[in-house]
1. Among the candidates ALA198, ALA160, single out the residue that is in contact with a Gly (Cβ under 7 Å, 6 or more places away or on another chain), within 9 Å of the ligand (Cβ to nearest atom) and modelled with pLDDT of 95 or more.
2. Determine, yes or no, whether ILE260 is at negative phi, in contact (Cβ under 8 Å) with a residue 24 or more places away in the chain and part of a loop (DSSP other than H, G, I, E, B).
3. Listed residues PRO71, PRO2, PRO18; which is part of a loop (DSSP other than H, G, I, E, B) and surrounded by 12 or more Cβ atoms within 10 Å (Cβ to Cβ)?
4. Which residue out of VAL237, VAL255 is out of contact with any helix residue (DSSP H, G or I) (no Cβ under 8 Å at 6 or more places or on another chain) and within 14 Å of the ligand (Cβ to nearest atom)?
5. Inspect segment 83-91 for any residue being within 11 Å of the ligand (Cβ to nearest atom), within 16 Å of the chain's Cα centre (by Cα) and not hydrophobic (A, V, I, L, M, F, W, C) and give the result as yes or no.
6. From the list ILE223, ILE228, ILE194, ILE248, which one is under 30 Å from VAL97 (Cβ atoms), crowded, with 20+ Cβ neighbours inside 10 Å and free of Cβ contacts under 8 Å to residues at least 60 places away in the same chain?
7. When the residues of segment 203-222 are narrowed to those that are in contact with a Lys or Arg (Cβ under 8 Å, 6 or more places away or on another chain) and of a type outside the set (Gly, Ala, Ser), which ends up farthest from GLY135 (Cα to Cα)?
Amino acid sequence: MPKALNFKQELTAAFGSPIAENPTQVMIEAAYRDLGLDWRYLTIEVAKDALADAVRGARAMGFRGFNCTMPHKVAVIEHLDGLGESASAMGAVNCVVRRGDELIGENTDGKGFLDAVRSFGDPRGKRVVVFGAGGAARAITVELALAGAMSFVVVNRSEARGSELVRLLVDRVKVDARFVLLRKDYEVPDATDIVVNATPVGLFPDADARLALDVSTLKAGMIVADVIPNPPRTRLVRDAEERGCEVIDGLAMLVNQGVIGVKHWTGILPDPAVMRKALEDVFAG
Ligand code: NDP
C-alpha cells in the first residue's frame, strides 16, 4: 500500500510587539527538526489591539499553540478557555496550548527556571533573594514558592512594583516575603540559598552593566541565577563563578521554558542541548 502523502504542517507561533528580535523560533524549530516533525514556529508581529483577532485566527487555523510575549501576557487571558495553576496564580500567560477544542493558558517562564534550579537540588525550604519585581521576577518567585521555597526578599528599584509582588506572594501563594528598596549595593544575607537577577541589567547592548549588589556577600554554594539570555555570561554570572557559586544563566531558563512549550504542544520531550546550541549559534553570529 502506498503511504498517504501529507503536505500539511502543524503550526505554532510567538505573538508579540515588537517581536522581530525574539530568537525563540530558532530553538523551537531546531527541536522540531531534531524530532523529525514537520512543524513550524512563526514569529508574528501582533499589535496590542489586534490580539483578539490573532487568537481567533489561531483557533480557526488549528494552531497547536503559541507563545505570548510583550504586551500580550496578561491581555490574552480573556480570549482563552482556561488557565493552568501557575498562570492563574501569576495572572500572566506566556504559552497557550490547544487541548481538544480549548485554548489553555500556561506560564512556563518560571517552570523553566525551576527545572534549572532542580539540577542543583530540591528548592523546598530554600531562602531566595530576587532583584526585580516585573514579569520575570513574578514567574520565578511564584513557581519557586509553589515548589516549596520558604522565604523571599524582593529587592526592587520602585516601591510600588516591589510591594505588589510581595503582596501576591504573601496573600495568594501564602509564603513569607518582604520588600527591600534597591538604593545602594545590596548585601545578600548569609542565610540565603538562591539569588536571582530578574531585571534587564546586563542585557545586550549594555552587557557590562552592573547590578547594585555587593558581590563580596555572595558565598560559595549559593545558587546565583541571571535571567539575561544575551549575552549569557553576564558580569553577575562571572562574579558568581569566581566566588564559587552554582550558576544558572539566562539561556538555561530560555531553553528550559522552550522545552516545556514543545512538550505541551507535541507531547514529546525535546533535546535541550540541540535547542541551546541553536541559540548559541545565532547569538555568536
Ligand atoms: P519588566 O519590565 O516586567 O520588569 C523589569 C524589572 O526590573 C522591574 O522590577 C524594574 O524595576 C527592574 N529594573 C529595570 N531596570 C533596572 C535597573 N537598571 N536597575 C535595577 N532594576 C531595574 O521586565 P521582565 O520582568 O519581563 O523582564 C526582565 C528581564 O528578564 C528582561 O531582560 C528579559 O529579557 C528577561 N527575561 C528572560 C527570560 C528567559 O527565559 N531567560 C524570560 C523572561 C524575561 P522598576 O519596578 O523600578 O521599574
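The values are calculated or read from the model by the stated rules, or taken from the named source; none is laboratory data. In this text, all values refer to a predicted model and were calculated from it rather than measured experimentally. Neighbour counts run over all protein chains shown; Cβ positions are idealised from the backbone, glycine included.
1. So the residue among ALA198, ALA160 that is in contact with a Gly (Cβ under 7 Å, 6 or more places away or on another chain), within 9 Å of the ligand (Cβ to nearest atom) and modelled with pLDDT of 95 or more is ALA198.
2. Judged against the criteria, ILE260 is not a match.
3. So the residue among PRO71, PRO2, PRO18 that is part of a loop (DSSP other than H, G, I, E, B) and surrounded by 12 or more Cβ atoms within 10 Å (Cβ to Cβ) is PRO71.
4. Criteria check complete, one pass: VAL237.
5. No, every residue in segment 83-91 fails to be within 11 Å of the ligand (Cβ to nearest atom), within 16 Å of the chain's Cα centre (by Cα) and not hydrophobic (A, V, I, L, M, F, W, C).
6. Of the residues listed, the single one that is under 30 Å from VAL97 (Cβ atoms), crowded, with 20+ Cβ neighbours inside 10 Å and free of Cβ contacts under 8 Å to residues at least 60 places away in the same chain is ILE228.
7. The selected residue is LYS219.
Rundown of residues vs (1) under 21 Å from PRO272 (Cα atoms); (2) away from the ligand (no atom under 16 Å from the Cβ); (3) buried (at least 19 other Cβ atoms within 10 Å of the Cβ), yes/no style:
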{"position": "LYS8", "(1), (2), (3)": "no, yes, no"}
{"position": "ASN22", "(1), (2), (3)": "yes, no, no"}
{"position": "GLU45", "(1), (2), (3)": "no, yes, no"}
{"position": "LEU51", "(1), (2), (3)": "no, yes, yes"}
{"position": "ALA54", "(1), (2), (3)": "no, yes, yes"}
{"position": "PHE63", "(1), (2), (3)": "no, yes, yes"}
